[in-house]
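Here is the structure we will look at.
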């Protein structure tokens, strides 16, 4: 039996590695760091639950946000097996480390739950909950958020409300906001036309700086009330919350730079999700926290070079 989905992912990964420059060199060390962190985490029951939950939530987020579900179901033979293998291959380097700890049962448990993830297929109503979103967000610098919120409002809204309700709990709101960031990053999979690109600035560097600043402020505005309440009820978490906020901002900046590093007007971003997923996971590993910022810087240079083709500097 052939596996076209896995072949596509393999080709996308090769393309990323070929064009990744310094990021491609750092990637093996990055993955090794995540594997080590997973092994250490699985050594403790509470951390093991968190790691398994994070891996599961990541796969659920990818499943709900992917736009090829209907096409794959109709045209790919053995679609469930192939989608299941995608999620297994994504998580197995980290989850398999559980086998070498007392929490070994987390590995088969995750594999079992992942079996049901490909069947998640939510038919959202065609009428959006926020019909006048463009009046709140400026289309010239927030086109991703307008389209993204309309498409993912039924995913984001419950997560955000749960984070608000559970803001006094120590770790719960951080996990929920991390999941929300992972969903928001998927907003940057669509490329706008050149006219939208040049709506505010005629300079690539100014355009990119403006977009990063606006979107970073938006994340801070959304997350700050929840993290402040969490810090009030958990004073020992103040430093963690500040660091968490910085990392979420770094993730958004990384997503923006990665998008524009391969920007082609009015098309879809076909960049592989592998590096994006790994960078998102790194945001919950203490000694890998600088990586979103490192990758943001790497793709910033690529984004400037690519955008210069479409601006008259």
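The values are calculated or read from the model by the stated rules, or taken from the named source; none is laboratory data. Predicted model, so just to flag it, every value in this text is computed and none were measured. So basically every Cβ, Gly included, is an ideal-geometry build from the backbone, and we count neighbours across all protein chains shown.
Considering only residues that are within 17 Å of residue 213 (Cβ to Cβ) and without any contact (Cβ under 8 Å) to a residue 40 or more places away in the chain, which ones fall in the stretch 232-262?
Once the filter is applied, which keeps residues that are within 17 Å of residue 213 (Cβ to Cβ) and without any contact (Cβ under 8 Å) to a residue 40 or more places away in the chain, the stretch 232-262 yields 245, 246, 249.
Please verify whether residue 257 is touching a helix residue (DSSP H, G or I) at 6+ places or on another chain (Cβ under 6 Å) and either crowded, with 19+ Cβ neighbours inside 10 Å or modelled with pLDDT of 95 or more (or both), treating the condition exactly as stated.
yes
So how many residues does the stretch 161-175 have that are part of a helix (DSSP H, G or I), surrounded by fewer than 20 Cβ atoms within 10 Å (Cβ to Cβ) and in contact (Cβ under 8 Å) with a residue 40 or more places away in the chain?
Count: 2.
Somewhere in the stretch 28-37, is a residue part of a helix (DSSP H, G or I), under 20 Å from the mean Cα position of the chain (by Cα), over 28 Å from residue 99 (Cα atoms) and modelled with pLDDT under 80?
no
Take residue 178 and decide whether it is assigned to a helix (DSSP H, G or I), in contact (Cβ under 8 Å) with a residue 60 or more places away in the chain and either assigned by TED's automatic domain parsing to the domain that holds residue 67 or out of contact with any helix residue (DSSP H, G or I) (no Cβ under 7 Å at 6 or more places or on another chain) (or both).
It is true that residue 178 is assigned to a helix (DSSP H, G or I), in contact (Cβ under 8 Å) with a residue 60 or more places away in the chain and either assigned by TED's automatic domain parsing to the domain that holds residue 67 or out of contact with any helix residue (DSSP H, G or I) (no Cβ under 7 Å at 6 or more places or on another chain) (or both).
Return the only residue of 67, 102 being in contact with a strand residue (DSSP E or B) (Cβ under 9 Å, 6 or more places away or on another chain) and either farther than 30 Å from residue 153 by Cβ or outside the structural domain of residue 157 (by TED's automatic domain parsing) (or both).
Every option except 67 fails the conditions.
Take the stretch 34-50 and flag every residue that is surrounded by 17 or more Cβ atoms within 10 Å (Cβ to Cβ) and either within 20 Å of residue 275 (Cβ to Cβ) or touching a strand residue (DSSP E or B) at 6+ places or on another chain (Cβ under 7 Å) (or both).
34, 37, 38
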